1. Of the conditions (1) surrounded by fewer than 19 Cβ atoms within 10 Å (Cβ to Cβ); (2) within 12 Å of another protein chain (Cβ to nearest Cβ); (3) in a loop (DSSP other than H, G, I, E, B), residue A:154 fails just one. Which one is it?
2. Hey, does segment B:227-237 have a residue that's within 10 Å of chain A (Cβ to nearest Cβ) and within 30 Å of residue B:66 (Cβ to Cβ)?
3. Being at pLDDT below 85 and farther than 20 Å from residue B:145 by Cα is the filter here; which residues of segment B:247-263 pass it?
4. Would you check if there is a residue in segment B:320-336 being away from chain A (no Cβ under 14 Å), within 30 Å of residue B:55 (Cβ to Cβ) and buried (at least 20 other Cβ atoms within 10 Å of the Cβ)?
5. Please go through segment B:373-403 and pick out each residue that is in contact with a helix residue (DSSP H, G or I) (Cβ under 8 Å, 6 or more places away or on another chain) and in contact (Cβ under 8 Å) with a residue 60 or more places away in the chain.
6. State whether one or more residues within segment B:184-205 are crowded, with 20+ Cβ neighbours inside 10 Å, within 14 Å of chain A (Cβ to nearest Cβ), modelled with pLDDT under 85 and within 20 Å of residue A:114 (Cβ to Cβ).
7. Considering every residue within segment A:67-77, establish whether at least one is surrounded by fewer than 20 Cβ atoms within 10 Å (Cβ to Cβ), facing chain B (nearest Cβ under 9 Å) and outside any loop (DSSP other than H, G, I, E, B).
8. Quick check: anything in segment B:604-625 surrounded by 12 or more Cβ atoms within 10 Å (Cβ to Cβ), over 23 Å from residue B:569 (Cα atoms) and without any contact (Cβ under 8 Å) to a residue 40 or more places away in the chain?
């Protein structure tokens, strides 16, 4: 991709380059991919007094491209989605509850802090290092569903994924993010059967 | 709803100007998108990807449409479809006119855009921002050091506190140090005591795991905290040994507000630096985005222009193509071709003129066709008329070339004139020598076509002498027949013959009436004179009287015989018709001549001959006359007489034919046609009425007789009688006689 970009600069003939980017950008970026994907290491549902809580541990692998953007003032929005389903024999499974958590990670140059904002309740936490911020972000603990909605004795399973929200990136960056696999940071849908 | 119908509707919807309008709308959307990108508005932010996708889809659709149109055009060009070459040229010209300027503008715009974006950034500005950030940090460091010392002092005081760590102590410390917030944590991060300057605040800024981990290792956390309050705060977290619990340390967290001036400046520097860094980082993506947007606009513009080129080229060429097709159709003879009426422009005028022209041509063609049909009908009518005419009709031009001839002409002239159409009249004489007199009589009149003429022409052919009444008159001048003549002729031989027969009949009747009556008194008077004076006269005078009266009586007898013969010829006896066997009657008559020393009979009769209806006496007289004629015709007896009978089955008209031939001197050719007239004979003896009476008897029985010379010498007569149950047509008989 780098070579293509240079060619575009030199010849000012970007039409061809756009076509090349549209057609071959996927392969080009994919070949340079070096960071690990988002990985849900573990997840468990604990029964509390009033509700069931979801606790998970997630590894975030931010590649150089994303880190460069972060350290240049670009906010990263990371979204966690969890769905609890009850299995049914004859009809489709029922979604018991859904959990969407969005966090924004931002770097402040003057204070050299990483600020993690929970976009649902606007609570903020600052970190001295990126690893600390990601560690905090990766230790997931949230209320999944009220107890009365989960029927004991019934088979349940949980689906969960986490991804970087490209739509929240600055507009000029979005087309490139759509075309580049380096910005497509996400985990697969992970699924666990729960014993409730 | 049918899929085909939907596709048809879609085609109709996307066809023509609608598609162009749609493309234009997409183009405007792209321009709006570009404008939004420049402004960085929220609307653009939301619609960017949608518009991008819509534009790319529109681009693909346009490309597909153009490819389809180009493919169709190329195929038409290869198949030499009228108008395809012109369409190709127009499309090429339109494309050149639109693509070249747009591409030039695009290149300049792109270059201008890139330079414009690059001009936003300056190394010096970036350095200045870096420096101001560093300066801010240094300024904060001075303050930080003061606050670190102050916090150390507070922790020292807290470590020596023996009365327990409570909120009151922290409260007095906060008031003394002007801190906004003081919080005391244990090593696990649990809040032990807090003190806030703001009464609304209840929960302190919490220590996270990383901070707590570092502090528990003896380090002091120092940092700017822009998050917990409206203004920038310096956040200090420092461990200290508690006097009450020797094995456990506590953490003091203090938040000191920066001076308002310093805080505001630091805030501004941080904000400006962050924005500049972000903008600098987004510089390349921004270029890509603008390039992408501009390229989309360019492509949409170009493709729309190309599509418009196809559309307008087709519209422009459509009437021309239609004209070409129309011209080809007219060239192929399809004069009913009408083109779609054109608009009110030059091409429309051309189309309307073409329509008017084809309409007039079609009208002229219809009229010509109608005239031709009328002419053909007239021709057919004339053909029918001519073919049914009993008169022969011949048309020749001034040079004597035969133009037309009817069937009656063939029959009268006994020649196939159809073979001679287009040839000179003299060819008729060469091919048929017996018509030489006919040609010789006509040719002199060809030199003076305007003068009508009428002439009686005698022909001498195998059938004997024939008389034609011929008349000629000028033809109106028509193509190919300039100054020609129409020659009409009739065979009047039979008519003349009939007139002669009637004349002779009248003569005979008058002779019988005027001469026969005085003859008897003359004879009686002569006999009385002889009887009275023969004895009284001297011998010499008596001898003279005897000889004279004898001569008178003898001549009167002769005259009587002659008058009798004439009356025989002239009288029309009532026929006593009955069925007779002609063969039996022939044998009966010929039996009278068998053994005659002057005649040798050769009889060959057809046993299948049917009976005929005839008067026995008259037929017997006929046979006697024929035998006598043969006997008288011979100079050197004995005469050979050949008598044959045949049964004919011709033309559904069965007949019995009797052939009588002799080996005499035959008939003079010039007398062949008059042989059956009274007193026409070549014999030294005879009354000259024998054959005339024979012919009369034959005609009384509805038959016909023909006389000709045998090639080996002698005469040959053919007599034909109709059999019972058939009626001989007199005309037919006459015609055959002519032949």
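1. Here residue A:154 meets the rest and fails (2).
2. No, every residue in segment B:227-237 fails to be within 10 Å of chain A (Cβ to nearest Cβ) and within 30 Å of residue B:66 (Cβ to Cβ).
3. Within segment B:247-263, B:247, B:248, B:249 meet the criteria.
4. Residues of segment B:320-336 away from chain A (no Cβ under 14 Å): B:320-336.
Next cut, within 30 Å of residue B:55 (Cβ to Cβ) only: none.
There is no residue in segment B:320-336 that is away from chain A (no Cβ under 14 Å), within 30 Å of residue B:55 (Cβ to Cβ) and buried (at least 20 other Cβ atoms within 10 Å of the Cβ).
5. Of everything in segment B:373-403, those that are in contact with a helix residue (DSSP H, G or I) (Cβ under 8 Å, 6 or more places away or on another chain) and in contact (Cβ under 8 Å) with a residue 60 or more places away in the chain turn out to be B:390, B:391, B:392, B:393, B:394, B:396, B:398.
6. Checking segment B:184-205: at least one residue is crowded, with 20+ Cβ neighbours inside 10 Å, within 14 Å of chain A (Cβ to nearest Cβ), modelled with pLDDT under 85 and within 20 Å of residue A:114 (Cβ to Cβ).
7. Yes: segment A:67-77 contains one or more residues that are surrounded by fewer than 20 Cβ atoms within 10 Å (Cβ to Cβ), facing chain B (nearest Cβ under 9 Å) and outside any loop (DSSP other than H, G, I, E, B).
8. no
The values are calculated or read from the model by the stated rules, or taken from the named source; none is laboratory data. What you see is a predicted model, and the numbers here were worked out from it, not measured in a lab. In this analysis, Cβ positions are derived from the backbone assuming ideal geometry, glycine residues included, and neighbour counts consider all displayed protein chains.
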